[in-house]
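The values are calculated or read from the model by the stated rules, or taken from the named source; none is laboratory data. Keep in mind that what you see is a predicted model, and the values were worked out from it rather than measured. Positions of Cβ are backbone-derived with ideal geometry, glycine not excepted, and every protein chain shown enters the neighbour counts. The accessibility values were calculated without ligands, DNA or RNA, using every heavy atom of the protein model including side chains. Shrake-Rupley method; radii C 1.70, N 1.55, O 1.52, S 1.80 Å.
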Amino acid sequence: MTVRFKKYILLICFGITSIPVLFAQVNEGELYGKIVGHDGNGISDVSVINAETQNWSLTDSSGNYRLRLPAGKSEIVIRHLGYQPESYFINIGPNQSVQKNFTLQIQSLSLKEVRVLARENEQSLTSTSTIGQQAIELVQATNLGDILQLLPGRPAQNPDLNTAGQAQLRGTGSSSDDKIDALGTAVVIDGAPLSNDANLQVSNTATIGANGLFSTVSGGGIDLRDIPADQISRVEVIRGIPSVQYGNLTSGVIRVETMQGKAPFRGKVRLDPTTQEASLGKGIALGKSNQTLNIGFDLTHSQQDLRIPVPTYNRATANINWNSHSNNQNWRNQVNLSLLYTKDQDKGDKDAALKEKRYASDKGFRLRTKGEYKSGETVLKRLTYQASLAIRNQDSYNKQLRSGEAEPLPTSLVDGTFEVPFAPAEYYTATRIQGKPLNFYASLIQHFAVSGAKVRDRFLAGAEWRTDVNHGEGKTFDAGYLPPSSYRPRTYSDIPALTQLSLFAENTFAFPLAGKTIQWQAGIRFDNVQPDGLFKSGFDTKWQPRTNLTYQLFPFLRLRGGYGITAKAPSLVYLYPETAYFDALSYMYYSATYPDESLALMTTHTFDSKNNHLKFMTNRKAEIGFDLTTGKWSAHATFFNEQTRNAYSFNDVAAAFRYPVYDTFFYIPGNGEKPQLDEVNVDTMTYRNAYLKPANSLNIDRKGIEFTLQAPQIQQTGTSFNLSGAWSSNISWSDVPDILEISRNFPNNPNGYIGMYESNKTKRELFLTTLRIVQHIPVLRFVATVALQNTWIDKYESTFRGSVPVGYIDDNGNTMPLTSAQAKTDFPFLIRTVDPVTYEMVNRPALWNLNLKLAKEIGKNYRFSFFANNMFMHNPAYANNRTGYIEKRNPNLYFGGELAFHF
């Protein structure tokens, strides 16, 4: 980036920061009052929040509160754990004091209103869904991933704790696209982002990329199984253009709030065909009214098939939240300690004949603090700070039986020709990968807020720092077992830390235009990875402008739109991949009769698979939409277009080297000596292969529409209807050509050239709707939700682009580019044809699925819940025209129940 451009950016930022001064007037009033329960007694520690400015107040021990509000109309939100959240619009004049008392109801199925679904956030400037505590409880989720099924367009799935959970906000089901979507989704818990960037639990990046012979999410997003649902009080999902406060992302943001504050003793036991879960929690006041402690525990066991001991998944978590605030409420602080233990095990049946074993365990803690200071000044409103430290101990193990013929076993870590031992025809290998990822995060944000007679302005400026490093022992092999062929040990101690410095500024205006209200948010974010200074980087820097605009066209209709650039830095597995080792056989003689006379020489050659030209993965997001509210009817729709570029993947790179080939000079079997080699007449051959190297090669174009329609409850029956859904189209392709190893065996290819071909382009189209019918009977403390999910469109096709080679690897290992004309004229033997059926469009017919959820409160302290997925066992068969296989569609029938209590 040029110095001149930097100056322009800084000038713009300075201009934005100067804007609030233009409106620096005291046009505020005060809202005060009391918040009581149904018994008329005051409730302490209730949060009263201005939805626009996020200014807050907490009630004292008697339930009293005081909150400064900008003059005019403001929305306030009232929340307390275990109570039904409420929101109200308040009109207040300059310097006016208004008294408002409120009554909160304990969350219960006996209330007239229950909130069992995700709701579109009508005050957000971009497409955002909010899922409250009651909806989380009634969806009967085991982890954060289950909760996300309430989002528009998300397919219903059975709980599956034996597979790593990855966040999908707008994906269509393509495995490569979904991994990138998960990598680009920020999961933020109580304000601090989680990080998976130092996860190096992979088997061998040079051969299988960011994958393992065990369960791993390296190179992807946060494993959502690690976040139990019973410790979550609220979830907000930003699918559109997020505020510049949020960085190191491309897809969206999942904001999670955990259980905090004083709350009754709570517990839950859950049982279904594969999962057993128990949780406990309690929130208490610590003597004084301004301190609380909330503690929660969770134990979960999942067994994929009860008839066999493995695969299994076990989870144990603890979450401790300590909250405090000053007596004058100018300062508040939260300290959180989270403990985690998980173990995936998919081999290890002690009764099995093969004593193979495979597991992946993860244990660690996260310590976090965040706080806020209110200055009481006219413009300088709030200063927020955060810091978090997460340390994990990850252990992946794979003990595997290898059988075949006795073969040489190379172990050299350097180039050269060496004598190597023979591995027996049958032996066990035991590979262990020990990682100790550490993540540190800190941020500081200054919030400004001013208001004029007709204009409101909010501004923030902040900075954040991230560090990700792995201090694990790395890849080792258990003593007493031979290492797998082509595998080498690797330590993680020599891998540098990944650091990132970010600066951001954002302004949000609310002003009238032609008698209507406009809200305009504009911000810019600057990310510097491996910084050598403020603007100098050892990796790359990225400026990310983002803007959102809303226009209140009518009192019942709001239009909105936004555009922005988001960027995600590569994780350590992409920045520092493993060295590629290749071993060519230079000589081999093996005698089963005289094994001590056996001799093998192998030539090892290493290739550095690091890509020094990696860049940020980026996404250009644009959307327009509307929010329609009339009476108790509401409708929301968002049209979106996203262009992900430079997404991370591992691609084939040609590997070639010359190696010697020896003949036997002298050998007499049984004389106790190994063969003597002819070191004069040494032949030389070329070894050709390929290894995987990280690259910014993947591109994804996505467009679609998301919608939600909420009908009012029929008062006479207590029935309500909600229709949500999404249509989306994904097109993905790679910029790096594929190396087709088999092409060396094509007819009329005497030199064994290996062709390189343009990769295919894939397209997936999905249209899915969910009609939810909620039947609520308050007098019986009962609610039932029937969800009819219809998949109207499910198409998939792959465009074959690799008929004519774009290059080739010659017999000396040189990579040679080709034009189309050259390929057709000089290399016709490398032109390939495929069965056209292979690239036919797969167009699955429409599909329906019916799911049921029931909840019944027994008295005031107990609740029994039951769910049945695909309750009519509708699993139609579909003959895939491309593969010829018969597919069984829809999840299997799956049911379960839970018993919850609180005192």
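A few remarks follow.
- Length-normalised contact order of the range 128-902 in % [C-alpha pairs under 8 Å, at least 6 apart]: 10 percent
- Cα-centred dipole magnitude for the chain, charges only on beta-carbon of K, R (+1) and D, E (-1), debye, nearest 20: 4020 debye
- Here L771 and L534 are evaluated by their C-beta separation; at R0 = 41 Å the FRET efficiency comes out at 0.15.
- Most positive-pole-ward Cα, I238, N333, Y753, against dipole of the chain from beta carbon charges: N333
- Summed side-chain charge close to L830 - residues other than L830 whose Cβ falls under 14 Å, Lys, Arg +1, Asp, Glu -1: -3
- Pairs from the list K179/K363; K703/K888; K179/K693 with a Cα-Cα gap above 19 Å: K179/K363; K703/K888.
- Each Cα pair under 8 Å and six or more residues apart adds its separation to the average, and for the range 487-579 the resulting relative contact order is 22 percent.
- Accessible area per residue in Å² at 1.4 Å probe, computed on the range 736-838: 50 Å²
- By accessible area, using a 1.4 Å probe on protein heavy atoms only, the range 35-74 has 41% of its surface on carbon and sulfur.
- Under Karplus coefficients 6.51, -1.76 and 1.60, residue-wise ³J(HN,Hα) of the range 861-867 in Hz, glycine/proline x: 10, 10, 9, 10, 10, 9, 9
- Full-extension gain in nm, M588 to N91, via 0.36 nm per residue minus C-alpha separation: 170.0 nm
- Cα centroid separation, the range 211-263 to the range 366-429 (Å): 20 Å
- Net charge of the neighbourhood of L389, taken over other residues with C-beta under 15 Å away and scored Lys/Arg +1, Asp/Glu -1, is +2.
- When only the Cβ of Lys, Arg, Asp and Glu is charged (+1, +1, -1, -1), the dipole of the range 555-711 relative to its Cα centre reaches about 1680 debye.
- The phi-based Karplus calculation (6.51 cos²θ - 1.76 cosθ + 1.60; θ = phi - 60°) puts the 3J(HN,Hα) values of the range 312-323 at 9, 9, 10, 9, 9, 9, 9, 9, 10, 10, 10, 10 Hz, whole numbers, x for Gly and Pro.
- Taken about its Cα centre, the range 748-893 carries a charge dipole of roughly 1160 debye when the Cβ of each Lys and Arg holds +1 and the Cβ of each Asp and Glu holds -1.
- Over the range 27-106, accessible surface divided per residue gives 42 Å², non-protein components excluded, 1.4 Å probe.
- The residues neighbouring G165, those whose beta-carbon lies less than 10 Å from its own, together hold a net charge of -3 under the Lys/Arg +1, Asp/Glu -1 convention.
- 0 to 90° range, to nearest 10: angle between helix 3-22 axis and the chain longest Cα axis: 20 degrees
- Normalised by the number of residues in the range 27-106, the average gap of Cα pairs under 8 Å and 6 or more apart makes the relative contact order 40 percent.
- Selection among Q789, A510, F89 by position relative to the dipole of the chain gives F89 as farthest towards the positive end (Cβ unit charges, Cα centre).
- Solvent-accessible area per residue for the range 172-289 (1.4 angstrom probe, square angstrom): 26 Å²
- Of (1) 2, 10, 15, 15, 15, 16, 14, 9, 3, 1, 0, 0; (2) 2, 8, 11, 15, 15, 13, 9, 8, 7, 6, 4, 1, 0, 0; (3) 2, 10, 19, 23, 20, 12, 7, 4, 2, 1, 0, the label for P(r) over Cα pairs in 10 Å bins from 0, in percent derived from the coordinates: (3)
- Element breakdown for the range 128-902 at a 1.4 angstrom probe: carbon and sulfur atoms account for 58% of the accessible area.
- Extreme residue, positive dipole direction of the chain, given options L224, N880, H38 (C-beta unit charges): H38
- For K282, the lysines whose Cα falls under 18 Å of its own Cα, not counting residues fewer than eight places away in the same chain, are K262, K268, K860.
- Using θ = phi - 60° in the Karplus curve 6.51 cos²θ - 1.76 cosθ + 1.60, the 3J(HN,Hα) couplings for the range 807-824 round to x, 7, 10, 7, 6, 9, x, 7, 8, 10, x, 9, 8, 4, 5, 4, 4, 6 Hz; x is entered for Gly and Pro.
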